[in-house]
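Data first, discussion second: the structure below is written as structure tokens.
The values are calculated or read from the model by the stated rules, or taken from the named source; none is laboratory data. Since we're looking at a predicted model, the values are computed, not measured. Methodologically, a virtual Cβ is constructed for each residue, glycine included, from the backbone with ideal geometry; neighbour enumeration extends over all protein chains shown.
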Amino acid sequence: MPPEQIKAIPVRHYGRWVAGAAVVAILVLIGIAFSNAKINYGIIPDYVKDGTILSGAWHTLYISVLAMVLGLVLGVILAVMRMSSNPVTSTVAWFYVWLFRGTPVLVQLLLWYNISLVFPVLNLGFYKNDMNAVMTPFLAALLGLGLNEAAYMSEIVRAGIQSVDEGQTEASHALGMTRSQTLRRVVLPQAMRMIVPPTGNEYINMLKTSSLAYVVQFSELMKRATDISSTSLAVAEMFFVASIWYLMLTSVFSVGQYYLERHYARGSTRNLPPTPLQRLRKNLRMFGSFRRPEVAR
Amino acid sequence: MSNLTKGIAPSTSGHPMVRAEGVHKSFGLAHILKGIDLEVNPREVFCLIGPSGSGKSTFLRCINHLEKISAGRLYVDGDLVGYRQKGDKLYELKETEVAAQRRDIGMVFQRFNLFPHMTALENVMEAPVQVKREAKAVARERAQRLLDRVGLGDRTGHYPAQLSGGQQQRVAIARALAMEPKLMLFDEPTSALDPELVGEVLDVMRDLAEDGMTMVVVTHEMGFAREVGDSLVFMDDGVVVESGHPREVLTNPQHERTKSFLSKVL
Ligand SMILES: Nc1ncnc2c1ncn2[C@@H]1O[C@H](COP(=O)(O)OP(=O)(O)OP(=O)(O)O)[C@@H](O)[C@H]1O
Ligand SMILES: [Mg+2]
């Protein structure tokens, strides 16, 4: 005989009901305001699927990915340089971060785009060309966004590396591993646990900051949206279209980020918490066993 | 006979495995080691005891050049540690040369320092694959064998966080043995362990000693020193106060400092 189940009356949370009602009221008011505005909501779904917007979203996606990769690679290099025992190396890294973090990314984008004012000709010895021909909107956007990102990433990577226990480096050195092997095989993989979450935030920021690349004529999502709105006069509608795309991109990425963080949490806890999908499956299974108690063991 | 390692490279060269001549070490103004002279012979289990802060760990870390000595000479198997001597000038070894010297010296830490992002097997495979560029299959086979020998053949896929302290320390010993070292350094390998786990680690070390591994062991386990040790050194305040056979020193200490230390720990 199982013991008698407790049947108690749960505590009533009146505050939650009040707060819930207030939220609903505010949402209704905002909804009314938007529906009374002169916005043609009907055209939004079509524009979301519009070819021009689609290619803009694609450009946004790939410039932000490439700029982030550039920022990440350069950020790791800068972080290692910053922690170097060589004073020249560490000062160079410090100066880079000071310069690129201390100036607006908008200014940096415009500077790269107009770099021909300083270097009219690009001469690498084996390669010589007019700078204006080299500095395409794409390259200006990539350098402007990526080099700026590197300054932020280097600080994140540095904090991550410093969070790894010194005993790890010692154990690795004691086994005969060199500094670079130790960094690559022992320190960085552990630092990733600290690095991944803020890097995810950086990437979400990058997705949105890439909209600034319209100033260098790079045809990402925001430039496409404003181009359309200036001819079709559907200004607010196009803002909606762009926002929908930005939200979709950031949402998809957030899911990826969750799994990435899980991957790097490997070994840090005895048991990883189940993923939402695993949890769903388990709940469904439990639900099933409630209905057929004879199956449950 | 347990045969933990397949055969320890015998030092045929005839010189001591470790030889310290007037080794000094300072951290800034703090003078920690004040002239250490000692010799560790091949196949010997050499125990280091002494009060906290006396410089035992510091000396051990000098042997594999994790710390640079400030004065004196330190040799491992006849080679100067961390330097090359030409005439009367010393030249610092390059990073890769220091790393090469460390390959032959295994070290086991008080706090295990296993790589937490790798399984037990991966921890043991890491150095042979990365440092010796050994084929993965070969390294895996040896890692499996070493883990079997330390009694963890069924835990190869576990991450360190999933292992008890005693198990982690045994993995750490297997990891050091994977490089087939000629000398093993132990820095209080059991003092971070719960009392009931100390035995399993000491058993592994005893097997290793029986196999003829040269071992320098910093320890508070006087029982281990007495049973397994071949020589024992009592250090205090950066100097060797007394040395001899463990049973001699432990039962019949000559110096006041040794007596008062032993009266506290025994
Ligand atoms: N990197 C360092 N910088 C400055 N001082 C240090 C450093 N490492 C060790 N010391 C000092 O050297 C002294 C000896 O330390 P060491 O760790 O060698 O002692 P120990 O004999 O191993 O003690 P314990 O039994 O507590 O481990 C201590 O006073 C310690 O503070
Ligand atoms: Mg110590």
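For the stretch B:213-238, a residue qualifies if it is closer than 19 Å to B:GLY55 by Cβ, away from ligand 2 (no atom under 16 Å from the Cβ) and surrounded by fewer than 23 Cβ atoms within 10 Å (Cβ to Cβ), and exactly one does: B:SER231.
Condition check ((1) more than 21 Å from the chain's Cα centre (by Cα); (2) at pLDDT 85 or above; (3) of a type in the set (Val, Ile, Thr)) across all residues:
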position: A:ALA225; (1), (2), (3): yes, yes, no
position: A:ILE228; (1), (2), (3): yes, yes, yes
position: A:VAL241; (1), (2), (3): no, yes, yes
position: A:MET248; (1), (2), (3): no, yes, no
position: A:VAL252; (1), (2), (3): no, yes, yes
position: A:GLY256; (1), (2), (3): no, yes, no
position: A:TYR259; (1), (2), (3): no, yes, no
position: A:GLY267; (1), (2), (3): yes, no, no
position: A:LEU280; (1), (2), (3): yes, no, no
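Restricting attention to the stretch B:216-230, report how many residues are within 16 Å of ligand 1 (Cβ to nearest atom) and more than 14 Å from every other protein chain (Cβ to nearest Cβ). Selection size over the stretch B:216-230: 8. Listed by first and then second residue, the pairs linking a residue in the stretch B:50-65 that is among the hydrophobic types (A, V, I, L, M, F, W, C) to a residue that is more than 9 Å from ligand 2 (Cβ to nearest atom) and in a helix (DSSP H, G or I), with Cβ atoms under 6 Å apart and 6 or more places separating them unless they lie on different chains, form an empty list.
Within the stretch B:4-16, is even one residue modelled with pLDDT under 95 and within 14 Å of ligand 1 (Cβ to nearest atom)? No - not one qualifying residue is present in the stretch B:4-16. Do you know which residues across the stretch A:126-140 are part of a helix (DSSP H, G or I) and among the β-branched types (Val, Ile, Thr)? Of everything in the stretch A:126-140, just one residue is part of a helix (DSSP H, G or I) and among the β-branched types (Val, Ile, Thr), namely A:VAL134. B:MET213 passes every criterion in (1) within 16 Å of ligand 1 (Cβ to nearest atom); (2) touching a strand residue (DSSP E or B) at 6+ places or on another chain (Cβ under 7 Å); (3) not charged (D, E, K, R) apart from (1). Search the stretch B:168-212 for residues being surrounded by 20 or more Cβ atoms within 10 Å (Cβ to Cβ) and among the small types (Gly, Ala, Ser), and hand back the single one that is farthest from ligand 2 (Cβ to nearest atom). Taking the candidates together, the pick is B:ALA178. Candidates B:VAL108, B:VAL23, B:VAL81: the one that is more than 27 Å from B:GLN168 (Cβ to Cβ), surrounded by 15 or more Cβ atoms within 10 Å (Cβ to Cβ) and within 16 Å of ligand 1 (Cβ to nearest atom) is B:VAL23. From the list B:LEU74, B:LEU66, the one residue that fits, being within 25 Å of B:ASN123 (Cβ to Cβ) and within 16 Å of ligand 1 (Cβ to nearest atom), is B:LEU66. One residue stands out among those in the stretch B:84-104 that are among the basic types (Lys, Arg) and surrounded by fewer than 19 Cβ atoms within 10 Å (Cβ to Cβ): the one that is nearest to the other protein chains (Cβ to nearest Cβ), which is B:LYS94.
The criterion of at least 3 residues that are under 19 Å from B:PRO246 (Cα atoms) and away from ligand 2 (no atom under 16 Å from the Cβ) is met, among strands (runs of 3 or more DSSP E) falling completely within the stretch B:26-87, by B:30-40. I'd like to know if the stretch A:180-193 contains one or more residues that are more than 30 Å from B:LEU60 (Cα to Cα) and in contact with a helix residue (DSSP H, G or I) (Cβ under 8 Å, 6 or more places away or on another chain). Yes, because at least one residue in the stretch A:180-193 is more than 30 Å from B:LEU60 (Cα to Cα) and in contact with a helix residue (DSSP H, G or I) (Cβ under 8 Å, 6 or more places away or on another chain).
Looking at B:ARG155, B:ARG145, can you tell me which residue is more than 14 Å from chain A (Cβ to nearest Cβ) and among the basic types (Lys, Arg)?
B:ARG145
Would you say A:GLY176 is free of Cβ contacts under 8 Å to residues at least 24 places away in the same chain and on the phi > 0 side of the Ramachandran plot? Spelling it out, A:GLY176 is indeed free of Cβ contacts under 8 Å to residues at least 24 places away in the same chain and on the phi > 0 side of the Ramachandran plot. Looking across the stretch A:140-173, the residues that are farther than 21 Å from A:ILE204 by Cα and either away from every other protein chain (no Cβ under 14 Å) or under 25 Å from the mean Cα position of the chain (by Cα) (or both) come down to A:ILE161, A:GLN162, A:SER163, A:VAL164. Give me the pairs, please: first residue somewhere in the stretch B:184-199 and closer than 28 Å to B:ASP77 by Cβ, second residue anywhere and among the acidic types (Asp, Glu) and away from ligand 1 (no atom under 15 Å from the Cβ), beta-carbon distance under 8 Å, and either six or more positions apart or on two chains. That search, which allows pairs on different chains as well, returns nothing. Looking only at residues of the stretch A:174-203 that are within 8 Å of chain B (Cβ to nearest Cβ) and polar (S, T, N, Q), we find that the one that is surrounded by the fewest Cβ atoms within 10 Å (Cβ to Cβ) is A:THR178.
If you go through the stretch B:160-208 and keep only what is of a type in the set (Gly, Ala, Ser) and within 16 Å of ligand 1 (Cβ to nearest atom), you end up with B:SER191, B:ALA192. Considering the conditions (1) assigned to a loop (DSSP other than H, G, I, E, B); (2) facing chain A (nearest Cβ under 8 Å); (3) within 16 Å of ligand 2 (Cβ to nearest atom), B:MET107 is excluded by exactly one of them, (1). Counting residues in the stretch B:248-256 that are within 16 Å of ligand 2 (Cβ to nearest atom) and at pLDDT below 95 gives zero. When the helices (runs of 4 or more DSSP H) confined to the stretch A:10-87 are screened for residues that are in contact (Cβ under 8 Å) with a residue 40 or more places away in the chain, those reaching at least 2 such residues are found at A:44-48, A:51-82. Of the residues B:ALA161, B:ALA127, the single one that is touching a Ser or Thr at 6+ places or on another chain (Cβ under 7 Å) and within 12 Å of another protein chain (Cβ to nearest Cβ) is B:ALA161.
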